[in-house]
Every structure is written in structure tokens, then in C-alpha cells.
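**Q** Please see the structure below; I have some questions.
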Amino acid sequence: HAKASGRNTHRFFAEAMNVEAVAHLSIRNGLRRALERGEFLIHYQPQISLDTGKVMGAEALVRWNHPERGMIPPGSFIPIAEDSGLIVPIGEWVLREACRQAAQWSAAGLPLTVAVNLSARQLQRPDLADTVVAALADSGLDPLFLELELTESMLIENTDVVLANIRKVKALGVQLSIDDFGTGYSNLAYIGKLAVDKLKIDRSFILDLCRNHDSARITAAVIQMAHSLNLTAVAEGVEDDDTVAHLRHLRCDVAQGYHFGRPGPADAVERMARHANSVAAPAA
Ligand code: C2E
Ligand code: MG
Ligand code: MG
Ligand code: MG
């Protein structure tokens, strides 16, 4: 009896693995065609100044609108795109499209920053800065309105290429932020020297900020550290009013999360910015 159920368990796992492998393969094959067929799109999530309540910019978050499966979130295909190297052309498409959108906002009188996530593969390419220069030139976007998000783990392998890329994009006037800060292994002295502009405190600390003393202490420490290094502190994953109040109390600069707006089409951010940024800001 035990043996039979053991065999069933084996078969169950083999089938589950097979289903996963097939899904993986179909995603990988689909990714190759998705770019040509224009199946990717970008949702933008607003970033709000906690001082003024104004919309400062938006993060560009890629989605895959699959013809049969519908909207696929990045967590389901970015890792596969990274393994196969397809993240390089996909990431370039995101960069170009985000620059085009931000340039359009600027032209419409809305000077919003667009933040684009970079993959390790992109940061390791010797032609990254050329790609950024081309995206800026073709869109006409002022480099000050482009922000590139890196993660701590991408900086651990601080090869010459990575360092040169960071130096070059900074020299263009592009802003740099460290995403998911607090979850990786940062060499803090090194972060201080890298001339990044912003630390984005990981969502895991923000989600239970009001209930968990450790999260509250870590968040307070990161904000203080950001300020002593002259960096902007950004909180991601802000879902309620209490968290906003707590972050204001801690002097956090910028917030992003479902409380202010879920990632959505560009015109939703535009509407929100038009509204929030024209209403007179409370004098601090
Ligand atoms: P991330 O860069 O840390 O992006 C933030 C993620 O948190 C987004 O998920 C966003 O929808 C989600 N989020 C925002 N506010 C809240 C909130 O209040 N509560 C909760 N529970 N979640 C919130 P999304 O869009 O699924 O993206 C997941 C990850 O995929 C991103 O994490 C980023 O690492 C990656 N990604 C997205 N777009 C790109 C891209 O164009 N290139 C690369 N390389 N990676 C991307
Ligand atoms: Mg990000
Ligand atoms: Mg993040
Ligand atoms: Mg994240």
C-alpha cells in the first residue's frame, strides 16, 4: 500500500514537473515571437512625493499580453528571458518605449521621471551606455527624466564593465536607484561611492511597517542612511494610510504602492499627475 502511494507520488511529481517544463518551454518559444508581434506593453506605477503629494514620476513595469493566455506578469517570464538572453532585446524595447512615453509627458507639460528596471545581463553588456544614448536621442527625452533601477546583487559582481557602465550612464545625467534595498548583501561603503541617487526600500519592510518593530527599525535606519549619503529614500509597496503617516514621520521622501495607484496604462498616471500636481500643495 505504502509502495503504491509512493509510486503515485512519484508519478504526481513527474507529471507536475513535466507540466512546468512544458510551460517553461512554451514561454521561452513564445518570447522569441512576442517582441516581433508587439505583445509586450508597459504599465506605469506612480511615485508620489511625501512632502508635496505631487506625482514625481512612474516606474515602468513590463507585461506580456499573450494571445491565448492573456496578461502575463513579469515574474512569470523575466527569469526565463534572463536565462535565454532574450532579456537584452526585451529590456531595450522597455527602455525605448518608456523614454518615448516620458518624452511625451514632458512635451505635454508633465515633467515626470520614468524609472526602468535593468537586468544583470544588460548591466554586463559593454554597449549599455550606447543603448541608453540611442533611446534618449531617438525619444528626445532629457536624461534627467530617466532613472535606471539596479539591485544590490547586480553590484556584487562589480566587474570593470559594470563599473564603467554605471560611470557612463551617470555622466549622461541619468539617475540611478537601488531597487529592493535591504534584501541583498550591500557593501555600504561601495554604494556610497557609486553615486547612485535613490534607495528603494524593499516592499517586504514596508508591508508590515506598522506592525513589526524590526521592519520599522530597518526602514528608519535605511532612510537615515540614505539622507546621510545625500540620497532620496523611496518606499515601495505602500498599501494604506497608516503606512503613509509612519513614512512621513520617518521623513521618507517618495512613496509608491497600491495605496496611491496600481501599475496601469500611461494615461492613468497622466490623469493623476494633472490632478495632484495642479492642486496647490500644502506648505510642508
Ligand atoms: P520591482 O521592480 O520591485 O517592482 C515592484 C513590484 O511590486 C511590481 O510587481 C508592482 O506591481 C508591485 N507592487 C507595487 N506596489 C505594490 C503594493 O502596494 N503591494 C504589493 N503587494 N505589490 C506592489 P510586478 O509589476 O509584477 O513586477 C515584479 C518584478 O518584475 C519587478 O519588481 C522587477 O524586478 C521585474 N520587472 C518588471 N518589469 C521589468 C522590466 O522591464 N525589466 C526587468 N529586468 N525586470 C522587470
Ligand atoms: Mg523596480
Ligand atoms: Mg522593487
Ligand atoms: Mg521587487
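Residues checked against (1) within 16 Å of ligand 3 (Cβ to nearest atom); (2) touching a strand residue (DSSP E or B) at 6+ places or on another chain (Cβ under 6 Å); (3) of a type in the set (K, R); (4) in a loop (DSSP other than H, G, I, E, B):
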residue	(1), (2), (3), (4)
V19	no, no, no, no
A23	no, no, no, no
I27	no, no, no, no
L31	no, no, no, no
P46	yes, yes, no, no
G57	yes, yes, no, no
M71	no, yes, no, no
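**Q** Restricting attention to region 123-174, which residues are within 15 Å of ligand 1 (Cβ to nearest atom), under 24 Å from R203 (Cα atoms), of a type outside the set (A, V, I, L, M) and modelled with pLDDT of 95 or more?
**A** The answer is E147, E149.
**Q** Which members of region 78-89 meet the condition of being more than 30 Å from T232 (Cβ to Cβ) and either part of a strand (DSSP E or B) or within 13 Å of ligand 1 (Cβ to nearest atom) (or both)?
**A** I80, D83, G85, L86, P89
**Q** With the requirement that a residue be more than 16 Å from ligand 3 (Cβ to nearest atom), assigned to a helix (DSSP H, G or I) and under 19 Å from the mean Cα position of the chain (by Cα), what does region 106-122 give you?
**A** R121, Q122
**Q** Check A235, A266, A226, A255 and return the single one that is of a type in the set (G, A, S), closer than 21 Å to L148 by Cα and touching a Cys at 6+ places or on another chain (Cβ under 6 Å).
**A** Among A235, A266, A226, A255, only A235 is of a type in the set (G, A, S), closer than 21 Å to L148 by Cα and touching a Cys at 6+ places or on another chain (Cβ under 6 Å).
**Q** Against the conditions (1) within 20 Å of L136 (Cα to Cα); (2) crowded, with 20+ Cβ neighbours inside 10 Å; (3) more than 14 Å from ligand 2 (Cβ to nearest atom), where does A171 fall short? Just the number, please.
**A** The failed condition is (2).
**Q** Return the residues of region 189-217 that are within 12 Å of V238 (Cβ to Cβ) and not in a loop (DSSP other than H, G, I, E, B); say none if nothing qualifies.
**A** Within region 189-217, K200, I201, R203, F205, I206, L207 qualify.
**Q** Let me ask something additional. Among the numbered criteria (1) in a loop (DSSP other than H, G, I, E, B); (2) touching a strand residue (DSSP E or B) at 6+ places or on another chain (Cβ under 6 Å); (3) surrounded by 19 or more Cβ atoms within 10 Å (Cβ to Cβ), which one does A255 miss?
**A** Condition (1) is where A255 drops out.
**Q** Moving on to the next point. Looking only at region 92-122, how many residues end up being free of Cβ contacts under 8 Å to residues at least 40 places away in the same chain, over 20 Å from D142 (Cβ atoms) and more than 16 Å from ligand 4 (Cβ to nearest atom)?
**A** Matching residues across region 92-122 total 2.
**Q** Scan region 198-239 for residues that are among the acidic types (D, E), surrounded by fewer than 18 Cβ atoms within 10 Å (Cβ to Cβ) and either at pLDDT below 95 or under 21 Å from the mean Cα position of the chain (by Cα) (or both) and jot them down.
**A** Answer for region 198-239, where residues must be among the acidic types (D, E), surrounded by fewer than 18 Cβ atoms within 10 Å (Cβ to Cβ) and either at pLDDT below 95 or under 21 Å from the mean Cα position of the chain (by Cα) (or both): D208, E239.
The values are calculated or read from the model by the stated rules, or taken from the named source; none is laboratory data. From a predicted model like this one, the values you see are computed outputs, not experimental measurements. When we count neighbours, we look across all protein chains shown, and the Cβ atoms used for this are built from the backbone with ideal geometry, even at glycine.
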